[in-house]
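Trainee: My structure is below; once you've seen it, I'll send some questions.
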């Protein structure tokens, strides 16, 4: 599946049509994706309403449910153009290829991705859970279609062990 499939699903939903009638100035500002083998993907596409400085998330894994985000934003998040697209399978392959280059033999268990825009460039910022309690932190430049940041961590790196 690709992002455009989910955007089209959102745009034709009755819930989204009603939302755009109520808030015509709202715009696409971020996305959150959970990709987990055998459990199905979770897709959330977020729209920001600049007049009230509120964000709304649309959950697309089961229909199209609008969920208001209970946070007031001081600054407006950057817009993401509707023509941004990427394929989830290709992103997974890109991560696996980078893991092979870095000699990481663990298996991917879950991929969390956040679509964001900065300086008019779209990025996927991700946390990948791998076997043996490992984590990968990545940043993918969607314009160049390449991983620009890649770091391996362990859960134990993040835990502070306190002795009695």
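The values are calculated or read from the model by the stated rules, or taken from the named source; none is laboratory data. Fair warning: this is a prediction, and the values are worked out from it, not measured in the lab. Glycine gets a Cβ as well: all are built from the backbone with ideal geometry, and neighbour counts include every protein chain shown.
Trainee: Could you grab me the full set of residues in region 89-113 that are surrounded by 12 or more Cβ atoms within 10 Å (Cβ to Cβ), touching a residue at least 60 places away in the same chain (Cβ under 8 Å) and out of contact with any helix residue (DSSP H, G or I) (no Cβ under 8 Å at 6 or more places or on another chain)?
Mentor: 109, 110, 112
Trainee: Among the residues of region 59-67, are any under 20 Å from residue 17 (Cβ atoms), in a strand (DSSP E or B) and under 15 Å from the mean Cα position of the chain (by Cα)?
Mentor: Initial filter on region 59-67 (under 20 Å from residue 17 (Cβ atoms)): 59-67.
Subsequent filtering for residues that are in a strand (DSSP E or B) retains 59, 65-67.
If we keep only those that are under 15 Å from the mean Cα position of the chain (by Cα) as well, we get 59.
Yes.
Trainee: Is it true that residue 21 is in a loop (DSSP other than H, G, I, E, B) and without any contact (Cβ under 8 Å) to a residue 12 or more places away in the chain?
Mentor: Numbers: in a loop (DSSP other than H, G, I, E, B): no; without any contact (Cβ under 8 Å) to a residue 12 or more places away in the chain: yes.
In short, no.
Trainee: Also: Quick one: is residue 120 modelled with pLDDT of 90 or more, farther than 17 Å from residue 32 by Cβ and not assigned by TED's automatic domain parsing to the domain that holds residue 28?
Mentor: Numbers: modelled with pLDDT of 90 or more: no; farther than 17 Å from residue 32 by Cβ: yes; not assigned by TED's automatic domain parsing to the domain that holds residue 28: yes.
Spelling it out, it is not the case that residue 120 is modelled with pLDDT of 90 or more, farther than 17 Å from residue 32 by Cβ and not assigned by TED's automatic domain parsing to the domain that holds residue 28.
Trainee: Take the conditions in a loop (DSSP other than H, G, I, E, B), within 15 Å of residue 11 (Cα to Cα) and at pLDDT below 90 and apply them to residue 52. Does it pass? Give the derivation first.
Mentor: Working: in a loop (DSSP other than H, G, I, E, B): yes; within 15 Å of residue 11 (Cα to Cα): no; at pLDDT below 90: yes.
No: the conditions fail for residue 52.
Trainee: When you check residue 20 against the structure, is it exposed (fewer than 15 other Cβ atoms within 10 Å of the Cβ) and over 26 Å from residue 109 (Cα atoms), yes or no? So that I can check it myself, show each step before the final result.
Mentor: Values: exposed (fewer than 15 other Cβ atoms within 10 Å of the Cβ): yes; over 26 Å from residue 109 (Cα atoms): yes.
Considered against the rule, which asks whether it is exposed (fewer than 15 other Cβ atoms within 10 Å of the Cβ) and over 26 Å from residue 109 (Cα atoms), residue 20 comes out as yes.
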